[in-house]
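J.: Just passing along the structure, written as structure tokens.
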Amino acid sequence: MKIKVFIINPKQSHNFAKAISQRNKSDKTDAKMLSLAIMIAKDDHLLQKYKSIFSIDGIGKITAIILIYLFIKYPNANQGQITSLVGLDTIIRESGTSIKGKSSISKAGGKIFRGTLFMAAMVATNSLSF
């Protein structure tokens, strides 16, 4: 009988768990999280998508994983829905002619999503090829 063993760096495992918004720490949640990481690494289609996303200026490993995770979790979502899921959709505060509030983002989604996408945008704007 053969048992497959995977050696994973604990820090990378922890960062991957943060990237997919996994805050709980138990053997069961660790197994699910690691199976997703292995699924991405073993599935040629997902690996190709990961490499494609990772090739975009400003997109790092964590951001690519977050986007793959969102695309897996919400396979039929369009751009607007993904924008809402990460909390980057705009909220306009207006009422009649007298109240003209400032527009802002909703921040309804996970903070980790917005943070990593913000950093990707910052890196991309500072990139020479942008």
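J.: Per DSSP H run of n ≥ 4, the term is -39500 (n - 2.57); total these for the chain, divide by its residue number, and report the mean residue ellipticity at 222 nm rounded to 500 deg cm²/dmol.
T.: About -17500 deg cm²/dmol.
J.: A further question on this structure: So which trypsin sites (Lys or Arg not before Pro) in region 70-130 pass both tests, a DSSP loop state and at most 16 other Cβ atoms within 10 Å of the Cβ?
T.: Hits after loop and neighbour filter: 93, 102, 107.
J.: Would you kindly calculate the translational diffusion coefficient of region 1-76, applying Stokes-Einstein with the Kirkwood radius from alpha carbon pairs, for 4 °C and a viscosity of 1.567 mPa s, and quote it in µm² s⁻¹ without decimals?
T.: Translational D for this selection: 98 µm²/s.
J.: Å³ per residue of the Cα convex hull, for region 41-110?
T.: 113 Å³
J.: Please give me, ordered by residue number, the chymotrypsin sites (Phe, Trp or Tyr not before Pro) of region 55-118 that lie in loop per DSSP and have at most 10 other Cβ atoms within 10 Å.
T.: Listed in order of number, the matching sites amount to none.
J.: Sticking with this structure for a sec: Quick one: which residues, 5 or more positions from residue 105 or on another chain, have an amide H under 5 Å from its amide H? H modelled 1.01 Å from N in the peptide plane, none for Pro or chain starts.
T.: 91
J.: Distance cut-off 22 Å, Cα to Cα: go down the list 18/73; 18/61; 2/25; 18/51 and report the pairs above it.
T.: Checking Cα-Cα distances, 2/25 exceed 22 Å.
J.: Starting from 0.36 nm per residue, how many nanometres of slack lie between residue 31 and residue 126 once their C-alpha separation is accounted for?
T.: Length gained between residue 31 and residue 126: 30.4 nm.
J.: The chain: Rg/Rh from Cα coordinates, Kirkwood Rh?
T.: Answer for the chain: 1.07.
Any read-out appearing in this document is the output of simple, stated calculations on the displayed coordinates, not a laboratory observation. What you see is a predicted model, and the numbers here were worked out from it, not measured in a lab. Every residue, glycine as well, gets a Cβ built from its backbone with ideal geometry; the counts of neighbours run over all protein chains shown.
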